[in-house]
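Report on one structure; see the data block that follows.
The values are calculated or read from the model by the stated rules, or taken from the named source; none is laboratory data. These figures come from a predicted structure and were not determined experimentally. Here the Cβ is made from the backbone with ideal geometry for all residues, glycine too, and neighbour counts use every protein chain on show. Note: accessible area is taken over every heavy atom of the protein model, side chains too, but ligands, DNA and RNA are not part of it. Shrake-Rupley method; radii C 1.70, N 1.55, O 1.52, S 1.80 Å.
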Amino acid sequence: MATAAVITGCSTKTDSGATPKASALGAATPSASMSAPPATPSAALARLLEGNARWVKGSLQRPNQSVGRREAVDEEQDPYGVVVSCIDSRVPPEMVFDTGIGDLFAIRTGGQVVAPVVTGSIEYGPVTSGTPLILVLGHQRCGAVKAAYKALKERKPLPGDLQSIAEAVRPAYDVIAKAKHADPVDAMIRVHARQTATGLRRDPALAPLVKKGGLAVVSAYYSLDTGRVEVLDGAPAA
Ligand SMILES: [Zn+2]
């Protein structure tokens, strides 16, 4: 992605005046021979959850991973979802949702925390090309949230910029610290995913799209034990 494409607004699906280079950075529709991506928030969520069901069962289709697909999207892309997930090596979004290339904008940070440069990457698809879904995916036994929980509870800062991750999840810690939890880290993981989605719904660039119904921001939780993604909140009406 190029900042210039965003600034000049030349990356929308309908901008027929865009140069091939510029449209490649945006999201013009790929070859008609490929199956159309879901266009609505509910259809996009359904597509992801269908893929996750295949992942859980071990019956992967590995769609859109062929040479033909690679060639079909080499100039243009039109992903139907933005997944904001953790760097955890066990939670690669394209695998747990059984997707291929050109399907997802995947944004990964420790504990899927957001900050302005991350939020910009999340905004890119919805703002420039109408990507209909943002899924914030927390996960079971998240090491980043666990380390942050310990650092905040014991008031011992983490080394280097790891502490900035702890600070980013402090609002979730503050919520779970008010009550007793059998598994406080797991509770914090879930609260943090919900809070992140709530924050993105209020983002000045995203809120108007959410209001119009063209974008849903969903929080979810991935089980390392089963591979299943559980929707926490924000699922759009069908
Ligand atoms: Zn994690």
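Couple of notes before you dig in:
- Scanning the range 201-208 for residues that are assigned to a helix (DSSP H, G or I), touching a residue at least 24 places away in the same chain (Cβ under 8 Å) and of a type in the set (A, V, I, L, M) turns up nothing.
- Residues of the range 97-111 classified as aromatic (Phe, Trp, Tyr) and open to solvent by less than 20 Å² (accessible area, probe 1.4 Å), total: 1
- Scanning the range 88-111 for residues that are assigned to a loop (DSSP other than H, G, I, E, B) and without any contact (Cβ under 8 Å) to a residue 24 or more places away in the chain turns up Ser89, Pro92.
- Whichever residue in the range 154-175 is in contact (Cβ under 8 Å) with a residue 24 or more places away in the chain and part of a helix (DSSP H, G or I) and, among such residues, is farthest from Phe105 (Cα to Cα): Tyr173
- Residue in the range 132-166 that is surrounded by the fewest Cβ atoms within 10 Å (Cβ to Cβ), counting only those that are within 15 Å of the ligand (Cβ to nearest atom) and charged (D, E, K, R): Lys150
- Some residue of the range 112-131 being within 18 Å of Leu49 (Cα to Cα) and either open to solvent by less than 10 Å² (accessible area, probe 1.4 Å) or touching a residue at least 24 places away in the same chain (Cβ under 8 Å) (or both): yes
- Looking across the range 105-127, the residues that are in contact with a helix residue (DSSP H, G or I) (Cβ under 6 Å, 6 or more places away or on another chain) and under 24 Å from Thr40 (Cβ atoms) come down to Phe105, Ala106, Ile107, Pro126.
- Being touching a residue at least 40 places away in the same chain (Cβ under 8 Å), under 24 Å from Ser89 (Cα atoms) and assigned to a helix (DSSP H, G or I) holds for only one residue in Arg190, Arg141, and it is Arg190.
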